[in-house]
Structures are given as structure tokens and as C-alpha cells.
1. On the accessible surface of the chain, probed at 1.4 Å, how many percent belong to carbon and sulfur atoms?
2. Please report the projected area of the stretch 158-232's Cα convex hull averaged over all directions, in nm².
3. Where both residues lie in the stretch 114-262, what percent of DSSP beta bridges are antiparallel, nearest 5?
4. How many angstrom separate the Cα center of the stretch 215-229 from the Cα center of the stretch 178-196?
5. Once phi is turned into ³J(HN,Hα) by the Karplus curve 6.51 cos²θ - 1.76 cosθ + 1.60 with θ = phi - 60°, what whole-Hz value does each residue of the stretch 247-262 show in order, with x for glycine and proline?
6. Using 0.36 nm per residue of separation minus the Cα-Cα distance, give me the extension gain between residue 66 and residue 211 in nm, one decimal.
7. Based on the alpha carbon coordinates of the stretch 135-262, what radius of gyration and maximum Cα-Cα distance (Dmax) apply, in Å?
8. Label points 7 Å out from Cα along the Cβ direction at residue 15 and residue 172: separation in nm?
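The values are calculated or read from the model by the stated rules, or taken from the named source; none is laboratory data. Quantities reported herein were computed from a predicted structural model and do not represent experimental measurements. Backbone-built Cβ (ideal geometry, glycine too); neighbour counts: all protein chains shown. With ligands, DNA and RNA removed, areas are computed over all heavy atoms of the protein, side chains included. Shrake-Rupley method; radii C 1.70, N 1.55, O 1.52, S 1.80 Å.
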Amino acid sequence: MSKDISKVMSKDKQKDNLKLRVYRNRIEMGKAAADAVAERILRLMEVKSEINMVFAAAPSQNEFLAALVTNPEIQWERINAFHLDEYIGLGSEAPQGFGNFLRDRLFGKVGFKSVNYLNGRSNHELLECDRYSKLLKEHPLDIACIGIGENGHLAFNDPPVADFKDKALVKVVKLDEICRMQQVNDGCFLALEQVPTHALTLTIPAIMSAKYIYCMVPGKSKTMAVSQTLDGKISEACPASILRRHEAVELYLDEDSAAGCK
């Protein structure tokens, strides 16, 4: 373990508003993040009849989701669920579909009050953006459970399309090639040409509107993105850097992803 990581692990670190937690491996990271999110859910349920949550769909979220669904105290029937993004044009049962990913690991395992899927198979993408935006306005987000991409993206807000002042809540985007290649590196697709070129995504302002954000980012492939998020300029060149301006955000890392932390 490097000297820098030792310092981070010995006590919590904060960069601007962002609180950093580092754990030895993905399993410990996922369990700690799930415990923190569960505690927040329980606190919110003391003062609200229902809460609204949005979830990321990616292999980086596996350990977190696996731990979260086992918590016996969460009253899932009081939670409205959303997800961050969805490919355009995949088949309805494609395992790479983000709605399907979350259905298999979360949405289909517990009884939510509602599960609100983004429809990437709509023939009218702009109407789908309007529909989902209306749902988000009707259900302001309490908690966002997210990740960070290899190019620093949040949801599918890649550097070329990320806009910190976006007026939309949901939009159609063209995917950056680095982002598409990450899907191959993660084992979701066999080759780049199989990865869709466009997607629906919640925008940066939509994500930042959540009262609480928990960001889970394990793995060696995320080391550079984490470093840029924490120590680089806050800019659309690294969309995740905007998290440092949120009032209640926690970043969960393992030793691999934290290797570049100063």
C-alpha cells in the first residue's frame, strides 16, 4: 500500500465539500457504502412518508448493490426508484441494458413503491426525455447512488457533452469513444462496434439536485478519473469534479482507485 493511501485510510479526507472514504478492497467498500446509504434512508424515513432515489448501473456498483439489498431495516415500499441513464436501441432483454442490470440486482429483488425505467427503445427520444423529466420534477431526488467513468463522466455526461448549467433534466447524448470502450473493458460488450453510440441520461444539474450523493468508484481503471476529480480543476473536462461543490457528497474508493490520491 502506498504512503499516500495510508494517509487517506488512517482518517477521512475531504476535498472541498467532498468527503472521501477509502477501503482495502471492493467488498469492504461496497459494504461501507451500503451501510451509509441505508442509514441515510432510515433517517429520511423518520421525517418523510416516502423518498426518491436514483441508481447507477455498472459493474462498479455490484458490491454496493449486493450489500444494500440485504439490509432488513429498509422499508423499500416507501421508496420511488429511478436510474441514471440508458442506451438507445438495445433489445428489451439485452443484459447490457441498464434497466435490466438494475432489475436483476436491485429493482427485482425488493418491493419498491415504484420503479421508473428510462425507455431506450422509444421511437421518440425527446418525448421520453420529457416524460422522465416530469417524473423527476414530481419526485425530487433525495439520494443519488452513482459512479464515475474512466473519462470522468457522471451518468452518460461525457466531457464533450457535459454541461454544469444544463437547462434539461434528461437529454439524448452521443457517447464518447472512451466511454464506449469502458463498456468493453468492463466485459459488458465483446467489441467497440457492439456498444451503442447514443443514450439517454440524467444531466449534471439533475444529479446534483439530489439532497445526498453517494459515489462508489472501485478499480485500477478509475485511478486517473478519481485523481482528476479530486485534484484537478472543476470543469466539464472532468464532469465528476463538480461533485466537490455539492453540499452532501461522499466518495467511496478501494485501494486501487485511490492509488493516485495526494
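1. 49 percent
2. Mean projected area of the Cα convex hull: 5.9 nm².
3. If I count the DSSP bridges inside the stretch 114-262, around 45 percent turn out antiparallel.
4. Spelled out, the Cα-based centre of one part sits 18 Å from the other.
5. 7, 8, 10, 10, 10, 10, 10, 9, 4, 5, 6, 8, 4, x, 5, 8
6. Working it through step by step, the gained length comes to 49.9 nm.
7. Cα only, the stretch 135-262: 14.3, 41 Å (Rg, Dmax).
8. About 3.5 nm, to one decimal.
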